[in-house]
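First the structure, in the form of structure tokens, and then the observations on it.
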Amino acid sequence: MINTVITGSGHFLPERVIKNTDFLNHEFYDEQGVFIEKPVSEIIQKFQEITEIEERRYAEQTLFTSDIAMLAGERAIADAGIDKEELDYIVVANNYGDIDSVYRQVDNMPSIATRVKHKLGIKNNRCRPYDMLFGCPGWIEGLILVHHLFQSGTAKKALVIGADTLSRAVDPHDRTAMIFADGAGAVVLEAKESEKKEGIISYDTISDSLDEMTYLLNDKSLKENYEGSKINIKMRGRKVYEYALRKVPALMKRVIDNSGLTISDIQKVLLHQANAKMDHAMIQRLFKLYNISEVPAQIAPMTVQKFGNSSVATVPTMYDLISKRQLEGHAFHPGDNIVFGSVGAGMNINAIVYKIPE
């Protein structure tokens with residue numbers, strides 16, 4: 001059988017660390033555009049209590065999404081030990097393309113995947129670059145897309161990257177601006193023949209795009225006379241939280257069940273790192289669906305506290321850190337079963353059960 005296997009991974013985290021105290025001079029407004037009279041220090045403290053985010057990474061002004069995507073991709077290619085000219089596809093999950101750090105101009109033509117191919121210096125004109133615009137679940141959806149291509153026999157090697165510079169797409173007067181961050185993560189996927197099933201063994205995706213489409217979108221600033229960008233992430237936090245708790249654990253359970261496994265067979269659950277409160281609740285709900293009240297320690301690694309929410313980059317960054325034993329207390333072992341899961345704008349949800357090759 002043909003299996004879809006990760007043979008290399010890489011990530012890029014900007015060196016620029018933005019701590020919560022860096023927001024002390026901000027003026028925050030509520031959803032009705034009314035100035036929040038509370039001391040900013042109190043707003044930040046409440047934010048940290050809910051999300052557990054202490055700091056995040058912002059890219060330097062000279063770096064664009066396509067730059068950090070290329071850097072992560074380059075590292076994944078080196079880790080896989082392949083010739084970049086052998087790649088059949090480059091899939092780059094992102095949300096905003098390249099964003100100018102000064103004028104906030106969004107630029108995604110040619111596509112970010114095309115720019116990554118150019119910056120990697122790939123000459124092979126049979127290597128096809130695709131952008132995956134699917135909200136935060138974009139990187140996982142990229143894996144699913146490539147898996148289908150492998151199964152159809154039209155490809156053997158692909159580079160799948162998740163990269164965003166969300167720090168340039170936030171409203172500085174919105175408290176949710178403190179959630180978002182920049183980063184990139186990548187994997188090389190290869191089609192491998194084997195007598196046993198490994199790599200991607202089960203997956204599913206759902207999309208609710210009626211009322212749910214308004215839960216995460218772009219809109220004007222909460223401050224009426226703000227002179228910055230009109231393209232600002234707007235998140236209805238309570239709606240996203242309720243939706244995620246209702247839908248994500250159920251989808252992950254279905255994917256686990258469809259793989260022929262049960263929750264006790266799963267060694268790690270790598271959830272998109274949106275905010276800690278939501279992630280903890282989703283994991284607890286998943287185990288509750290199996291009538292288990294106590295969640296095993298270390299099953300769900302967390303990076304949001306130090307890296308913030310870098311959207312499509314959170315899961316592949318976490319995967320790379322663990323695969324290289326750079327995330328304390330976590331490691332992968334041959335034969336481990338891992339769940340990848342994400343929820344984001346659309347609203348889209350997806351999940352994969354991935355078996356580490358033995």
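The values are calculated or read from the model by the stated rules, or taken from the named source; none is laboratory data. Remember, it's a predicted structure, so these values are computed and weren't measured experimentally. All Cβ positions, even for glycine, are placed from backbone atoms using ideal geometry, and neighbour counts span all protein chains on display.
Filter region 255-277 down to residues that are assigned to a loop (DSSP other than H, G, I, E, B), of a type in the set (Gly, Ala, Ser) and within 18 Å of residue 294 (Cα to Cα), then give me how many there are. Can you show your working first?
Pass one, region 255-277, residues assigned to a loop (DSSP other than H, G, I, E, B): 259-262, 266-267, 272-275.
Add one more test, that the residue is of a type in the set (Gly, Ala, Ser), and what stays is 259-260, 274.
Keeping just the survivors that are within 18 Å of residue 294 (Cα to Cα) gives none.
So the answer is 0.
Looking only at residues in region 298-307 that are of a type outside the set (D, E, K, R) and in a helix (DSSP H, G or I), the one that is surrounded by the fewest Cβ atoms within 10 Å (Cβ to Cβ) is 305.
Report yes if some residue within region 217-230 is touching a helix residue (DSSP H, G or I) at 6+ places or on another chain (Cβ under 6 Å) and in contact (Cβ under 8 Å) with a residue 24 or more places away in the chain; otherwise report no.
Narrowing region 217-230 to residues touching a helix residue (DSSP H, G or I) at 6+ places or on another chain (Cβ under 6 Å): none.
No.
Screening region 231-254 for residues that are touching a helix residue (DSSP H, G or I) at 6+ places or on another chain (Cβ under 7 Å) and not aliphatic (A, V, I, L, M) and picking the one that is farthest from residue 291 (Cα to Cα) gives 236. Among all residues of region 278-297, there is none that is in a loop (DSSP other than H, G, I, E, B), in contact with a strand residue (DSSP E or B) (Cβ under 8 Å, 6 or more places away or on another chain), of a type outside the set (Phe, Trp, Tyr) and closer than 23 Å to residue 179 by Cα.
For every residue, the table says whether it meets (1) at pLDDT 95 or above; (2) surrounded by 15 or more Cβ atoms within 10 Å (Cβ to Cβ); (3) over 27 Å from residue 9 (Cβ atoms).
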site: 183; (1), (2), (3): yes, yes, no
site: 194; (1), (2), (3): no, no, no
site: 203; (1), (2), (3): yes, yes, no
site: 228; (1), (2), (3): no, yes, yes
site: 236; (1), (2), (3): no, yes, yes
site: 248; (1), (2), (3): yes, yes, no
site: 254; (1), (2), (3): yes, yes, no
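Taking each residue of region 75-97 that is closer than 13 Å to residue 185 by Cα and looking for partners that are of a type in the set (Phe, Trp, Tyr) with beta-carbon atoms closer than 7 Å, six or more apart or interchain, yields 91/130; 93/134; 93/139. Just one of the listed residues (338, 322) is among the hydrophobic types (A, V, I, L, M, F, W, C), out of contact with any strand residue (DSSP E or B) (no Cβ under 7 Å at 6 or more places or on another chain), surrounded by fewer than 24 Cβ atoms within 10 Å (Cβ to Cβ) and within 22 Å of residue 142 (Cβ to Cβ), and it is 322. Number of residues in region 318-358 that are under 24 Å from residue 166 (Cα atoms) and either among the aromatic types (Phe, Trp, Tyr) or in the same structural domain as residue 7 (by TED's automatic domain parsing) (or both): the value is 2. Could we say that residue 76 is outside any strand (DSSP E or B), in contact with a helix residue (DSSP H, G or I) (Cβ under 6 Å, 6 or more places away or on another chain) and crowded, with 21+ Cβ neighbours inside 10 Å here? Here the answer is no, as residue 76 does not meet what is asked. Just one of the listed residues (288, 306, 324) is touching an Asp or Glu at 6+ places or on another chain (Cβ under 7 Å) and not hydroxyl-bearing (Ser, Thr, Tyr), namely 306. Looking only at residues in region 79-101 that are over 19 Å from residue 162 (Cβ atoms) and out of contact with any helix residue (DSSP H, G or I) (no Cβ under 9 Å at 6 or more places or on another chain), the one that is surrounded by the fewest Cβ atoms within 10 Å (Cβ to Cβ) is 81. Any chance region 37-50 includes a residue that's β-branched (Val, Ile, Thr), without any contact (Cβ under 8 Å) to a residue 60 or more places away in the chain and out of contact with any Cys (no Cβ under 6 Å at 6 or more places or on another chain)? Yes, the conditions are met somewhere in region 37-50.
The one condition from (1) assigned to a helix (DSSP H, G or I); (2) modelled with pLDDT of 95 or more that residue 338 does not meet is (1).
Being part of a helix (DSSP H, G or I), in contact (Cβ under 8 Å) with a residue 60 or more places away in the chain and not small (Gly, Ala, Ser) is the filter here; which residues of region 308-335 pass it? Steps first, answer last, please.
Taking region 308-335 and keeping what is part of a helix (DSSP H, G or I), we get 311-323.
After this cut, where a residue has to be in contact (Cβ under 8 Å) with a residue 60 or more places away in the chain as well, the list is 311-321, 323.
The answer is 312, 314, 315, 316, 317, 318, 319, 320, 321.
The set of residues in region 191-209 being of a type outside the set (Ser, Thr, Tyr) and either over 21 Å from the mean Cα position of the chain (by Cα) or under 15 Å from residue 340 (Cα atoms) (or both) consists of 191, 192, 193, 195, 196, 197, 198, 199, 200, 201, 204, 206. Quickly run through region 155-166 and pick out the residues that are surrounded by fewer than 23 Cβ atoms within 10 Å (Cβ to Cβ) and at pLDDT 95 or above. Result: 156, 157. The strands (runs of 3 or more DSSP E) found wholly in region 119-227 and carrying at least 3 residues that are closer than 22 Å to residue 273 by Cβ and either touching a Leu at 6+ places or on another chain (Cβ under 9 Å) or not assigned by TED's automatic domain parsing to the domain that holds residue 244 (or both) occupy 157-165, 182-193, 199-207.
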